[in-house]
Every structure is written in C-alpha cells, then in structure tokens.
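For reference, the structure is listed below as structure tokens.
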C-alpha cells in the first residue's frame, strides 16, 4: 500500500511540475510543496518497510536457486532413467534376436548386426580361439562378408588384459585386435572397445567344424565407432555390450548342447537303421534256414527212409556174401546220413528253443555197439582199428533219449575218425564217480 501511494504521489508531483512552466500563483507552489513533502514521507516509510522485506526477498532468491538446482538434478536423473530404460529395451531386443535361433553362426551374425545398428558402429567383429588354443582368428565381421584371414597370438598383453577382465575395455585402434578392416577416417581415430565372451562348457562338446577349446575358453568381441566422429563411448553403452556378451555366451552354450543332442539323435537314428537292417537280414537268414530245413526234411529224409527200408527188405532175401556186405554198407551209410540230417534238424530246434527230449527205456550197451558198427566202414577205409570198452558197472538199460545219446556218441566218435590219420580209436564208457562229478560240476550240468 505504501509503495502504491509512493508511486501515485510521484506521478502527481510530475504532473504538478508541468504547471510551473507557465504563469502560476502561490496555490500551485503550495500544492507542489505538499505533494513533494508527502512523497518524501511516503518514500521514507517505504524505505523503512523494505528493511524488513529485503531478507525475505533474499531467502526467496536462495530458494529459487535451490529449486533450479533440484530441477537440474531431477532432469539428470530423468535422463539417466531414460537412458537405463533405453538400454534395457535394447538389451531385451538384442536378447530376443539372439535367442530366436539356436544356430551358432546365425547367433553371432545377428549379434553383430544388431549391435552395429543399435550403437551405430563402423565395425564389429568376433575373434574365436584356434584349435591349438594358442591363437585367435577372425571368424565373423559386420561389414565384410568374408573376413580377412587374421590371426592374433593369445599371449599378447592386450589379449590377456581383455581375458582377465569381465568388463568392456577401451583398446587402442592400432592394436592387433582392432585391425579388422581398413580405417576410413583421416583425422580422428575411431574409439574401439573389446569385451571377452565366455564359451560356456563348449569344451565338453565335440563339434565337427569348431575347434576344440582349451582351458581358456574365451572369444573376444571388438566394437569400433566411426572414425572422424566426435562421438565417445558412454557408460550405459559399456553396460549394454557386457550384457550382450553374456547373452551370446549363454546362447552359444545352448546351441552347442542342441547340436550335440542332434548329433546324438542322428547317431541313434543311424544305429536304429543299422539294427533294422541287421534284423531284416537275420529274418531273411532265418527264412532261408527254415526253407533249407524244410527241403532237408521233405526232400532228403523221405528218400533216405525209402533207401533204409528197401535195404532192410533186401537183407531179408537170399543174397550172396558180397551182395549182403554191399547192402549192409548201404544200410549203415544211409542210417549215418539220416542221423546227420537229424542232427541238423535237431540243432535248428535247439536254437528255436523247441528242442524236447524223448524219454524212454533203452539198451545202453546196444547204443554204443550200434555207433561202432556205423563208423567201422569209414575206419576200415582209413585203416584205423576201433575198440569198444564198456565198464562192468555200466548198466545194460537206461532211461533217457536214445536217439540224442546215439547222436552225441556218433559225433564224438565221428570227430575222432575225422581227425585221426594213423593209430587207433578206442571208445570206453563207465559210470561217473561222485568225486569226478564234484570236480567237473559245470561240465556235467
């Protein structure tokens, strides 16, 4: 109010002063004097009032500066939050692109392309360990379709520095890892960053066209900003590169596991095909054997039985000694051949699990003598004496399968005749003693 009165009085004083330029009386002078005096009084009162208001004004100014500083801090925090959200969005996008496939070459190529697009890179490359684990070779690049053949020793100080840190590191543009392609810039060298990529558990998998990794299972990813550019690497970009490197490591391990599973599946399928082929071949062999046995059973046993029957009938007729000897030889040979055919058929039934013994009472001594009579014609040709010794404790009669026992004795004596070139053949039979049974329990079982 005082300040308003002061302004009004000042204005009135100026208006009254205009009248003094013309002829005026004492009333005008008096009015002007009163106005100036009032202005002076109001001015002094206003000055006294401002003495109390100035500290409040200064505190308001201080508060204004504090609010501006706080607003600046909030702006910085908002920019940081926005940057973090953008980084998270880029990480999610890159992770989705990387994990959208399980082919390792597609994973690496997609990673380089998406990093180059997101960060505006001039070049991005991946160095993989060699078979020996002593070198790194350039396997994938962003700009070059066919990477140049570059090899870097794994023992270089810059490589060891990258391997020993789990963070993204800035490296000189002149170091061997940064020699990815020709540098386009002429004035400002490019900013280069390198980060290690752990090759998780890949040494446990035998991948045909990938090297066998050593204990230092790391690859190196190199990222290069454009030359002649004022752009620098920021902290959130380093964090983005580190997160992407970890995601690439996980994706590569999943790809290796998938490839190993697919390889095991292919191997299993090949084995199944081989087993199926072997099964079909075995079935064909079984069918062929069954056909052969059927032929033997119907086409050989029937004529053989006819020969044996007619020979037996001829022996009952009147024959000369020479004819009788010939017929007896034919009969014995026919019986021997029939026995061999029965052996083959018996073995086939034994393999099929359908072999059954025919138990009955038979003359044990007669079985041995019959076998000796069957092999005598052959031993006579080979001029091998044959003797049969039957122990007194051997019973005359026994219970069992006479035909199978005869086949066994015939096989044993037949082998003796077959493999004996000179000397003699002796067949002896006796009852096995208990102590002999205990010493050779497995044999008698």
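The values are calculated or read from the model by the stated rules, or taken from the named source; none is laboratory data. Quantities reported herein were computed from a predicted structural model and do not represent experimental measurements. All Cβ positions, even for glycine, are placed from backbone atoms using ideal geometry, and neighbour counts span all protein chains on display.
Assorted remarks:
- Selection of the range 215-236 for residues being in contact with a strand residue (DSSP E or B) (Cβ under 8 Å, 6 or more places away or on another chain) and at pLDDT 80 or above yields 218, 219, 220, 221, 222, 223, 224, 225, 233.
- The range 383-404: number of residues that are over 24 Å from residue 343 (Cα atoms) and either touching a residue at least 60 places away in the same chain (Cβ under 8 Å) or not in a loop (DSSP other than H, G, I, E, B) (or both): 3
- Options 241, 248, 235, 273: the member that is closer than 27 Å to residue 138 by Cβ and more than 20 Å from the chain's Cα centre (by Cα): 241
- Looking across 186, 179, one residue alone is under 16 Å from residue 138 (Cα atoms), out of contact with any helix residue (DSSP H, G or I) (no Cβ under 6 Å at 6 or more places or on another chain) and at pLDDT below 85. It is 179.
- For the range 237-275, filtering for residues that are out of contact with any strand residue (DSSP E or B) (no Cβ under 9 Å at 6 or more places or on another chain) and closer than 14 Å to residue 169 by Cα leaves 3.
- Enumeration of residues in the range 100-128 that are touching a strand residue (DSSP E or B) at 6+ places or on another chain (Cβ under 6 Å) and touching a residue at least 40 places away in the same chain (Cβ under 8 Å): 108, 115, 121, 122, 123, 124, 125, 126, 127, 128
- Pairs, first at positive phi and in contact (Cβ under 8 Å) with a residue 24 or more places away in the chain in the range 278-293, second surrounded by fewer than 10 Cβ atoms within 10 Å (Cβ to Cβ) and outside any helix (DSSP H, G or I), C-beta under 6 Å, six or more apart: none
Residue-by-condition table, conditions (1) modelled with pLDDT of 80 or more; (2) in contact with a helix residue (DSSP H, G or I) (Cβ under 8 Å, 6 or more places away or on another chain); (3) surrounded by 15 or more Cβ atoms within 10 Å (Cβ to Cβ):
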residue: 296; (1), (2), (3): no, yes, yes
residue: 318; (1), (2), (3): yes, no, no
residue: 324; (1), (2), (3): yes, yes, no
residue: 355; (1), (2), (3): no, yes, no
residue: 358; (1), (2), (3): no, yes, no
residue: 366; (1), (2), (3): yes, no, no
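- Residues that are farther than 27 Å from residue 330 by Cβ and exposed (fewer than 13 other Cβ atoms within 10 Å of the Cβ), drawn from the range 368-425: 389, 391, 392, 393, 395, 396, 397, 399, 422, 423
- Residue 63, sole failed condition from (1) in a helix (DSSP H, G or I); (2) modelled with pLDDT under 70; (3) over 30 Å from residue 239 (Cβ atoms): (2)
- Qualifying residue in the range 304-317 (condition: within 15 Å of residue 345 (Cβ to Cβ) and either touching a residue at least 24 places away in the same chain (Cβ under 8 Å) or part of a helix (DSSP H, G or I) (or both)): yes
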